[in-house]
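Read the structure below first, then the notes.
Please treat every number below as a calculation from the coordinates, not as lab data. Quantities reported herein were computed from a predicted structural model and do not represent experimental measurements. Note: ideal-geometry Cβ built from the backbone for every residue, glycine included; neighbour counts use all protein chains shown.
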Amino acid sequence: MLYEIKNDKLSISADTFGAELHSIKMNGKEYLWQCGDAWKRYAPILFPFICSPKDRTYKAGGQEYHMAANHGFARDSEFTYAGSTKNSLSFTLKDNDVTLAQYPYHFELEVTYSIKGSKVTVTNTVKNTDEKAMNDSSLWEKKKTNTVSMFR
């Protein structure tokens, strides 16, 4: 499901499927790739891998795991709409049977899109809700936040 927020300069929309940003418009002009035959995504969230391990297979805790797709599973997962404010949208993905079959860690991934004036901020926060450390190749620790801003 698509959700939208806007102010006098910007409007953004994002989908619960993949928590993917679908539109960034400033003063009515679209700035985000609008899907097409060349690439059928907008701005996917890549987790738990930014790239992919060889043959999408890796070992964790002595056991072999296989990713169903490149870059992990977040971009192909249905997120929960966590809510919004006047200036932000948030989505959450928690581990489940599908993710645990590919990535043996308990986690919570929160994606928040914020706007202020003509600035868009994307904040991805991963919480390790497991007792064990996450696989080093995931690049995530107990709690890790990555923030990117556009259009300052």
Study note, to complete from the structure: Applied in sequence order to segment 58-66, the curve 6.51 cos²θ - 1.76 cosθ + 1.60 (Karplus, θ = phi - 60°) yields integer Hz couplings, x standing for Gly and Pro, of 8, 10, 9, x, x, 10, 8, 10, 10
Practice item. With a/c under 1.5 counting as rounded, go ahead and sort segment 28-110 into rounded, prolate or oblate using the C-alpha gyration tensor (a ≥ b ≥ c being the square roots of the eigenvalues; past the cut-off, prolate if a/b is larger than b/c, else oblate). Key: oblate
Practice item. List every residue whose amide H lies under 5 Å from the amide H of residue 77, counting only residues 5 or more places away in sequence or on a different chain, with H placed 1.01 Å from N in the peptide plane. Key: 18
Point to revise | Overall form of the chain per C-alpha gyration tensor (a/c, 1.5; a/b vs b/c) | key: prolate
Review point. What is the calculated FRET efficiency for residue 17 to residue 102, with r their C-beta to C-beta distance and R₀ = 25 Å, to the nearest 0.05?
Key: 0.90
Review point. If we count other beta carbons within 10 Å of each Cβ, what is the order of 39, 33, fewest first?
Key: 39, 33
Check your understanding: Mind listing the phi-derived Karplus ³J(HN,Hα) values for segment 107-117, rounded to whole Hz, using 6.51, -1.76 and 1.60 with θ = phi - 60°, and x for any glycine or proline?
Key -> 8, 9, 10, 10, 10, 10, 10, 10, 10, 8, x
Study note, to complete from the structure: Relative contact order as a percentage, the chain, C-alpha pairs under 8 Å and 6+ apart, gives 18 percent
Point to revise | Amide H partners (placed H, <5 Å) of residue 22, local residues excluded | key: 13, 14, 15
Revision key, fill the gap. Long-range amide H partners of residue 5, meaning residues 5 or more apart or on another chain whose placed amide H is closer than 5 Å, are 12
Study note, to complete from the structure: Between residue 82 and residue 55, Cβ-based FRET efficiency (R0 35 Å, step 0.05) works out to 0.55
Revision key, fill the gap. Phi-derived 3J(HN,Hα) across segment 29-46 with the Karplus relation (6.51, -1.76, 1.60, θ = phi - 60°), rounded Hz, x for Gly and Pro, is 9, 6, 10, 9, 3, 10, 6, x, 5, 5, 7, 8, 10, 9, 8, x, 8, 9
Study note, to complete from the structure: Rounded to the nearest Å, the spacing of the alpha-carbon centers of segment 1-58 and segment 76-126 is 12 Å
